[in-house]
Amino acid sequence: MSQENVELVRSGYRAFAEGNIETVLSLLDPDITLEEREPTLNTPSTYHGHQGLLDMVARVNEGLEDVKYAPERFVDVGDQVLVEVRRKGRGSLSGVPVERWQFHIWDIAEGRLVGFRTYADRQEALEAAGLRE
């Protein structure tokens, strides 16, 4: 089941990169809880459901253009998948390139994505997933 969870999450990133939001939403439980901890936005902020995902993505990418999320490592943690993601973009007004690591934890139940948490700090994400360096 764990490899299936990794593939489920991987397919979501692939669909997101292709702009296929309908496919992304189809992988999410309608009642998904999403928590993002973007340090520059005074968070954590919590969102719910499909609209919550759309609202969260819009909020964290405000002021940026050409944003890409490149997952570079998927770690199976049973009913969770930890993903190390490189987020790239550029400032909408300045054109300055922006690059930041993010660490995403997806909670999975019955083949659906039911929870999401994002961290800026790798160690904090590892601890949240019950892992050690």
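The values are calculated or read from the model by the stated rules, or taken from the named source; none is laboratory data. The shown structure was predicted, so the numbers you read here are calculated from the model rather than taken from an experiment. We place every Cβ from the backbone using ideal geometry, glycine too, and count neighbours over all the protein chains shown. When the accessible area is computed, the model is the full protein with side chains, heavy atoms only, and any ligands, DNA or RNA have been set aside. Shrake-Rupley method; radii C 1.70, N 1.55, O 1.52, S 1.80 Å.
Scan the range 65-78 for residues that are over 15 Å from His104 (Cβ atoms) and either open to solvent by 60 Å² or more (accessible area, probe 1.4 Å) or polar (S, T, N, Q) (or both) and report the count.
The number of residues fulfilling the criteria is 2.
Yes/no matrix, rows are residues, columns are (1) of a type outside the set (Lys, Arg); (2) open to solvent by 30 Å² or more (accessible area, probe 1.4 Å):
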residue	(1), (2)
Ala15	yes, no
Ile21	yes, yes
Leu34	yes, no
Ser45	yes, no
Gly63	yes, yes
Arg87	no, no
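Say whether the condition of being open to solvent by 30 Å² or more (accessible area, probe 1.4 Å) and within 22 Å of Gln123 (Cβ to Cβ) is met by at least one residue in the range 92-99. For the range 92-99, residues open to solvent by 30 Å² or more (accessible area, probe 1.4 Å) and within 22 Å of Gln123 (Cβ to Cβ): present. Just one of the listed residues (Leu131, Leu126, Leu82) is open to solvent by less than 40 Å² (accessible area, probe 1.4 Å) and at pLDDT below 95, namely Leu126.
For the condition more than 24 Å from Asn20 (Cβ to Cβ) and surrounded by fewer than 16 Cβ atoms within 10 Å (Cβ to Cβ), Asp121 qualifies. Report yes if Phe74 is under 21 Å from Thr23 (Cα atoms) and hydrophobic (A, V, I, L, M, F, W, C), otherwise no. Yes. Residues that are among the hydroxyl-bearing types (Ser, Thr, Tyr) number at least 3 in the following helices (runs of 4 or more DSSP H) confined to the range 2-119: 2-17.
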